[in-house]
Amino acid sequence: MAGGTKSHYHRTVKPGDVLVATRTFSAITEKQGSSGPLIFIEYELNVTTDNGEPVMSETLTRIVR
């Protein structure tokens, strides 16, 4: 299930930009739901140019039963 997404854009992408994306597993937590336990998995996605200039960052949460 989708748990939510938070995105932040640092700058626009320009023609000719070479982009590098890195996704990192950042957290896992368990919470008790009304029908049993829920696992919340959080990922961080960072996109930069090839010289390291930030383009976008995003936090993505998924919920697993």
### Task
Evaluate E = 1/(1 + (r/R0)^6) for Glu58 and Ser34, where r is the Cβ-Cβ distance and R0 equals 22 Å; express this FRET efficiency to the nearest 0.05.
0.15
#### Entry: Footprinting exposure proxy for Phe40, Phe25 (fewest neighbouring C-beta atoms within 10 Å first)
Phe25, Phe40
### Query
From the backbone phi of the stretch 33-41, what are the Karplus-calculated ³J(HN,Hα) couplings (6.51 cos²θ - 1.76 cosθ + 1.60, θ = phi - 60°) in whole Hz, Gly and Pro given as x?
x, 5, 10, x, x, 10, 10, 9, 10
#### Entry: For the chain, alpha-carbon Rg relative to the globular expectation (2.2 N^0.38 Å, N residues)
1.43
### Task
Multiply the residue separation of Tyr43 and Tyr9 by 0.36 nm, subtract the distance between their alpha-carbon atoms, and state the gained length in nm to one decimal.
10.6 nm
### Nonlocal amide H pairs with Met56, under 5 Å, H built at 1.01 Å
His10, Val47
### Query
If packing is taken as the mean number of other Cβ atoms within 10 Å per residue, what is the order of 45-52, 57-64, 7-14, 28-35, highest first?
57-64, 45-52, 7-14, 28-35
### Query
What is the magnitude of the charge dipole of the stretch 2-64 about its Cα centre, with +1 placed on the Cβ of each Lys and Arg, -1 on the Cβ of each Asp and Glu, and no other charges, expressed in debye to the nearest 20?
180
### Task
Place +1 on the Cβ of every Lys and Arg and -1 on the Cβ of every Asp and Glu in the chain, take the dipole about the Cα centre, and give the residue among Ser35, Leu45, Ile63 whose Cα lies farthest towards its positive end.
Ser35
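Each value in this text was obtained by applying a stated rule to the coordinates, not by laboratory testing. Since the model is a prediction, treat every value here as computed from it, not as a measurement. Glycine gets a Cβ as well: all are built from the backbone with ideal geometry, and neighbour counts include every protein chain shown.
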